[in-house]
Every structure is written in C-alpha cells, then in structure tokens.
1. Rounded to the nearest 5, what % of DSSP beta bridges with both residues in the chain are antiparallel?
2. Go through segment 19-31 residue by residue and turn each phi into a ³J(HN,Hα) via Karplus (6.51, -1.76, 1.60, θ = phi - 60°); whole Hz please, and just put x for glycine and proline.
3. As a test of the formula, what do you get for the chain when each DSSP H run with n ≥ 4 contributes -39,500 (n - 2.57) and the sum is divided by the residue count, at 222 nm and rounded to the nearest 500 deg cm²/dmol?
4. Around VAL253, with a cut-off of 14 angstrom between Cβ atoms, what is the net charge of the other residues, counting Lys and Arg +1 and Asp and Glu -1?
5. Please compute the length gained on full extension between ALA96 and GLN260, using 0.36 nm multiplied by the number of residues separating them and subtracting their Cα-Cα distance.
6. What is the distance, in nm, between label points placed 7 Å from the Cα along the Cα-to-Cβ direction at LYS252 and at GLN214?
7. Counting other beta carbons within 10 Å of each Cβ, put ILE127, ILE247 in order, fewest first.
8. How much length is gained on full extension from GLU156 to ASP196, taking 0.36 nm per residue of separation minus their Cα-Cα distance?
Amino acid sequence: MALIALAADKGSPGVTTTAVALSAVWPRRVLLAEADPAGGDLVYRSAAAHGGPLDPNIGMLSIAATARRGLAAEQLWDHAQPMSGGLDVVVGLGNAEQAVGLAGLWPTLGRAFNGLAETAQQPADVIADCGRIGPDAAVSEMLSQAALVLLLSRTEPEHLARVRDRAAALSAKLHGAQRGAAQLGLPLIGVLLIADPGNTRLPGQVNDMLVASQTGARVVGVIAEDAVGAGQLSGRKRGRVEKSLLIRSARKVVGDLHQQFGSAWAGPAMPGTGAVQ
C-alpha cells in the first residue's frame with residue numbers, strides 16, 4: 001500500500017505542481033487526489049483526456065455527496081477522471097466553503113485512499129495534494145492513514161523555520177511525544193525542498209537542522225524550481241516536459257523514495273500508467 005500525502009505549512013511552494021510531477025513519473029499505477037480543503041486548481045490548469053475541461057462536479061465534491069453512506073476504496077474510481085496524458089485524478093473542491101461537506105469524513109477518505117492499492121481490481125497508489133496544513137487543518141485527520149507525509153518547503157530561512165516547526169508538531173500529533181517514535185511508526189515524515197538541484201550541499205544542511213531539532217523528519221529530496229517545466233506539465237507551454245528540470249528532479253525523488261521504501265509498498269498495484277514515462 002502507499003498513500004503519499006503532500007502538504008505545506010505556508011506560502012506557495014508548489015504542492016499541486018509537485019503532486020502532478022510525482023504522479024506523472026510514478027512507477028506503479030497511481031491516482032492523483034486533490035484533497036486540499038481550500039479547493040483544487042487542476043480544473044483550471046489542465047484538460048481532460050477527451051480534450052475538454054475536467055468536470056468540477058466529479059471528484060471531491062461528488063465524494064462529499066456520497067461518502068456519508070460509506071466509501072469503499074474501489075468506489076474512488078467512480079469519482080476519478082482521466083487528464084490529458086492519461087493520469088487519473090480526483091479533482092478538488094471548487095472553494096473552501098464546499099469543505100463543509102467533508103466534515104468528519106477525512107478519516108474515511110484516508111482509509112479509502114490507503115486501501116486502494118490492496119483492491120482486487122484497478123489497484124493503485126494514491127498521491128494526495130493536501131495543500132496547506134496547520135494545527136486546525138481538517139485534512140490532517142487523514143494523514144494518519146498515509147505511508148509517507150511529504151512537507152514541501154522553499155529554502156529561505158523563514159520557510160525552513162516553518163517547515164521545521166510544522167514537522168515537529170505533525171510528528172507529535174501522529175506519533176506522540178515519545179522521542180524516536182517517528183522513526184518507528186507510520187506515517188514517515190519527509191521534507192521536499194523546492195530549490196536548485198545543483199546545490200548539492202543544501203539538502204544535507206537542512207537535514208542536519210531537522211535532526212538536531214528532533215523534528216522526527218528528514219529531507220528526502222529536491223524538486224527543481226522550474227516555471228517553464230511547470231507550464232509544460234500543465235499544457236500551458238510547449239516543449240518536451242520529460243526533459244524539463246522539474247520532471248528530471250521528480251524522477252530522482254521517486255526513484256529514491258522507492259529505493260528506500262519500495263519494499264514496504266510492494267503489493268498488487270499495477271505498473272505505472274503516469275503521464276510522463
């Protein structure tokens with residue numbers, strides 16, 4: 001199984017772009033879910049496989065309308081639609097006000113996401129874009145079901161300080177206050193830096209800070225800050241997105257994640273069907 005949850009503390013570090021990029025190069029079948037309570041962006045950024053727009057009513061909004069009667073993992077496909085390029089997505093809410101419909105359902109949604117890889121038909125891992133999370137974020141109720149929580153951060157000092165504090169608070173919430181508990185239980189908490197991949201010293205320096213601060217998190221990779229690649233990925237710019245710094249860095253992150261954690265994610269999920277191979 002693998003539910004991979006991506007989130008950020010503050011600012012605009014590119015959670016949605018990173019979630020799409022990781023999904024596009026994921027080596028197993030994957031379902032991308034826009035689980036941000038503040039609303040999704042992909043209905044505005046991306047086209048559907050048929051060339052028209054994605055349907056905003058099929059996704060988290062339709063889940064909110066039906067999940068109070070229960071939500072089996074297999075039912076997630078009823079709320080998914082293919083994007084241009086072939087990636088399956090559960091599109092996000094239209095706005096934050098619609099999140100009221102998901103009140104109390106986040107644990108149910110987390111269990112369904114978590115269980116999708118173990119289903120007999122159409123098994124898949126789930127990469128969930130959870131947007132910004134804070135101490136009162138409702139979506140945090142879903143994170144205990146994840147195999148890995150990835151916190152995104154830019155590299156300015158204020159951003160690193162916030163991700164350090166958020167990682168520590170999230171670790172205490174998910175694993176308890178006992179020292180070392182984060183290394184023993186799930187979900188693991190990782191930090192993805194949005195930065196120049198050529199700065200090879202930076203990840204180690206940030207990781208040392210996280211370890212010294214006893215946050216229970218560690219740096220797991222770097223996603224390139226690549227506006228051109230992000231535009232190509234969304235279809236707004238022309239060019240070979242598979243050659244972009246964004247996708248190349250995403251491939252390295254995904255390769256490293258599967259090298260470190262892939263044995264724990266082994267299961268029936270089918271080979272990758274992402275948008276960029």
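1. Here the share of antiparallel DSSP bridges comes out near 15 percent.
2. 4, 5, 4, 5, 5, 5, 10, 4, x, 10, 4, 9, 10
3. -10000 deg cm²/dmol
4. That sum, taken over residues with Cβ under 14 Å, equals +1.
5. Contour length minus Cα-Cα distance gives 55.5 nm.
6. Roughly 3.3 nm, to one decimal.
7. ILE247, ILE127
8. The span from GLU156 to ASP196 would gain 13.2 nm if fully extended.
Values quoted throughout were computed directly from the atomic coordinates according to the rules given, and no laboratory measurement underlies them. Quantities reported herein were computed from a predicted structural model and do not represent experimental measurements. Methodologically, a virtual Cβ is constructed for each residue, glycine included, from the backbone with ideal geometry; neighbour enumeration extends over all protein chains shown.
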